[in-house]
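Here is the structure we will look at, set down as structure tokens.
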Amino acid sequence: MRVGIVGVGWFGFQPDVPYSFREMMFKAAQRAYQDAGGLDPRSEVDAFISCQEDFWEGVAISDEFAPDPIGGVMKAVYTVAGDGLQCVGQGYMMIKSGLFDVVVVESHGKPSDIITLNEIMNFATDPISIRPLNLENIHALAALEARAYMEKFGVSEESLDAVVEKAHKNGVRNPRAPYASPNVSRGEIYVDPLRERDIAKFVDAALVVVLASETVAKKYNDTPVWILGSWWVTETSTFEFRDLAFPIHAREAADGAYVQAKVSDPSKELGFAEVDNRYSFKEIQHIEALRLAPRGTAAELLVDGAFCPGGRLPVNLSGGALAEGVPLEAHGLARLTYAVNVMRGDIKAAVDRRERAIVHSWRGVPTSTSAVVVLGV
Amino acid sequence: MSRNLNFKHRVAVVGAGMTLFRSKLLETPQELAWLAARQALDEAGLTLKDIDCVVIGSAPDAFDGVHVKG
Amino acid sequence: MNGGKPKSPGGTKYDKLVFPIVEVSMMGKARYEYTAGEALGKFLQSLKDGKILGTVCDKCGRVFIPPRLYCSYCFREVDRWIEASDEGVVITAALSYIAADRSKLEKPVTIGVVKLDVVEKKYDDHFFPGLMHYLCGFTEEDVKSMKIFGARVKARWKPNREGSIRDIECFEKI
Ligand SMILES: [Zn+2]
């Protein structure tokens, strides 16, 4: 029993959307159901899943706010405290189990509502051993990983230039990339080695994805995009215990998804990738973690254009989070929906093989969670 | 479509663990989770290697004062 | 590594504590600026003018107060705005004797839910359009005896309004 994506919808991708998060969810859901052949969520959906976090929302038990705007009132709805791709993993399992035919996945982010973003992110660090340090800038945690990686694999800041340049160049062709502005330097130093434009900005957005079993998928969409594999991994909550030089959570998540998708040589079998680049160096790391290039080689390959549009394996044709912004937990669905649109041909992109792709999201500092989905048409 | 509520595969609970219930326990939430998980694995005669997937349910983040607790 | 165990079922006293008790205090600074959005934004704006607005789904007939942009039951955009009366009926009420910090209040506070009158709808033929708010003008006995149920109330508006649910001081006994 294969699991297909039969509808995708998004709303927002502006720094400060005037609608409430509920209204954004509704508008994204409307578009996704329209995309799924006018599916009626009140009669044709078996279950709904929403990926969100209370502190992002500023609402305790924000789970209770999930059903209303997406057609899930008085139906089976639950929330997952994680990235939208983790919700896709839940939906994938539900349909694989044979218990459900149609599952809707939703995630949204409204960072413009949060005044004390740095404080909220500090709230995710260990309350006993790290939070009392009151880090002035939480991006310092990413900088520590950047330096550890760059030192271990001899990566220079020129490769960060190349990532940023590629992201903004690609982003110009992406209609929902408000931050894309090519031909600008990486800007002033924030947390060494990270400069202003090495760090993705936040953005308001809501995304909805409709999943369906193979039995019913064609009823909703002539060109379903199949989920061939879906896996997610969390390393450890203790920052100091992690492998700071390499995101092994991304490696493990990818390996799980590759086993399911029967992909043995990802760098040859996959046509393109949408990966997390909320920090420039993370794109290079993730390319290696997903086995799209051997460890320690991605920086050079990237500078040579291997991951550019028309290259050997285009990565982030969308520009990724650096161009679109990070809509909090909805980021994974942003990567996923872009890949789906490329695979269906809705977005014209310079990619030779669009029939197989990998999508990856990381939950950002201070987390060590990665989720991966392998797609096929 | 329709939920297949007549699904035939059965799912069993093979081990369980539980800490004491008190108004104020002095262990951290992680330590409490570890105590219960160890009991459950011991009872099932399993080790962590046998586990495919972990599902955690706990109070919403705001009640624990920890963001991204999952 | 073996922690102590509390000894009595009700207590927190450990029979033999093998680790020091340390508590790390943390003052969070979580601050937000919620976007009211289209429906609730217009609602708050109208409170400033002393009006209570709602939205209507003509497919199922439901009236939404506080308003929504969409009908959750039909999953469609609502069709129009409607102005409700600032009078209505108490459908449930309770007395609070203790403040949020657990200190005893001098006088108990009455809270309740008020179903507002909507001009084109009869009391029973529309879905619940109402507000939870403070109730005033009732005695403790009115609430305890549940005589308050079904009582008619009217919004007591603040003279200086700023577009907040607190622009209504309370719903007052008529
Ligand atoms: Zn309706």
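Side notes on the structure shown:
- Residues that are assigned to a loop (DSSP other than H, G, I, E, B) and farther than 30 Å from C:T35 by Cβ, drawn from the stretch A:195-232: A:N221, A:D222, A:T223, A:P224
- Residues in the stretch A:7-45 that are among the small types (G, A, S) and touching a strand residue (DSSP E or B) at 6+ places or on another chain (Cβ under 8 Å): A:G7, A:G9, A:G12, A:A28, A:A29, A:A32, A:A36, A:G37.
- In the stretch C:19-47, residue farthest from the ligand (Cβ to nearest atom) [restricted to those that are at the interface with chain A (Cβ under 10 Å from one of its Cβ atoms) and among the polar types (S, T, N, Q)]: C:S25
- Residue in the stretch C:48-61 that is within 16 Å of the ligand (Cβ to nearest atom), open to solvent by less than 70 Å² (accessible area, probe 1.4 Å) and among the charged types (D, E, K, R) present: no
- Hits in the stretch A:251-279 (condition: polar (S, T, N, Q) and assigned to a helix (DSSP H, G or I)): A:Q260, A:S267
- Here C:Y70 meets each of (1) away from every other protein chain (no Cβ under 11 Å); (2) over 16 Å from C:I165 (Cα atoms) with one exception, condition (1).
Conditions (1) away from chain B (no Cβ under 12 Å); (2) part of a helix (DSSP H, G or I), marked per residue:
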site: A:Q34; (1), (2): yes, yes
site: A:F48; (1), (2): yes, no
site: A:W56; (1), (2): no, yes
site: A:D63; (1), (2): no, yes
site: A:P69; (1), (2): yes, yes
site: A:K75; (1), (2): no, no
site: A:V88; (1), (2): yes, yes
site: A:S107; (1), (2): yes, no
site: A:S112; (1), (2): yes, yes
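- Restricting the stretch A:170-221 to residues that are more than 21 Å from A:K27 (Cα to Cα) and basic (K, R), the residue that is surrounded by the fewest Cβ atoms within 10 Å (Cβ to Cβ): A:K218
- Single match in C:E77, C:E87, C:E106 (criterion: free of Cβ contacts under 8 Å to residues at least 60 places away in the same chain and away from the ligand (no atom under 16 Å from the Cβ)): C:E106
- Residue within the stretch A:265-275 that is closer than 30 Å to A:V17 by Cβ, polar (S, T, N, Q) and either modelled with pLDDT of 95 or more or open to solvent by 20 Å² or more (accessible area, probe 1.4 Å) (or both) present: no
- Test for C:F75: is it open to solvent by less than 40 Å² (accessible area, probe 1.4 Å), within 14 Å of another protein chain (Cβ to nearest Cβ), over 26 Å from A:K75 (Cα atoms) and at pLDDT 95 or above: no
- Filtered residue count, the stretch A:115-133, keeping only those that are facing chain B (nearest Cβ under 10 Å), under 26 Å from the mean Cα position of the chain (by Cα) and assigned to a loop (DSSP other than H, G, I, E, B): 4
- Scan of the stretch A:87-123 for residues that are hydrophobic (A, V, I, L, M, F, W, C), over 24 Å from A:P224 (Cβ atoms) and open to solvent by 30 Å² or more (accessible area, probe 1.4 Å), ordered by number: A:I115, A:L117
- The residue that is modelled with the lowest pLDDT, counting only those in the stretch C:1-53 that are under 30 Å from A:P111 (Cβ atoms) and of a type in the set (V, I, T), is C:V24.
- Selection within the stretch C:35-47 - buried (at least 18 other Cβ atoms within 10 Å of the Cβ) and not in a helix (DSSP H, G or I): C:T35
- Boolean, C:T55 is over 20 Å from A:R31 (Cα atoms) and within 8 Å of chain A (Cβ to nearest Cβ): no
- Hits in the stretch A:143-161 (condition: among the small types (G, A, S) and surrounded by fewer than 22 Cβ atoms within 10 Å (Cβ to Cβ)): A:A143, A:A148, A:G154, A:S156, A:S159
- Residues that are open to solvent by 30 Å² or more (accessible area, probe 1.4 Å) and within 12 Å of the ligand (Cβ to nearest atom), drawn from the stretch C:62-72: C:R62, C:R68
- Selected residue (criterion: surrounded by the most Cβ atoms within 10 Å (Cβ to Cβ)) from residues of the stretch B:12-53 that are modelled with pLDDT of 90 or more, of a type in the set (A, V, I, L, M, F, W, C) and not in a helix (DSSP H, G or I): B:L46
The values are calculated or read from the model by the stated rules, or taken from the named source; none is laboratory data. The structure presented is a predicted model; accordingly, all values stated were derived computationally and were not measured. All Cβ positions, glycine included, derive from the backbone under ideal geometry; neighbour counts span all protein chains shown. Calculation scope for accessible area: heavy atoms of the full protein, side chains included, ligands and nucleic acids excluded. Shrake-Rupley method; radii C 1.70, N 1.55, O 1.52, S 1.80 Å.
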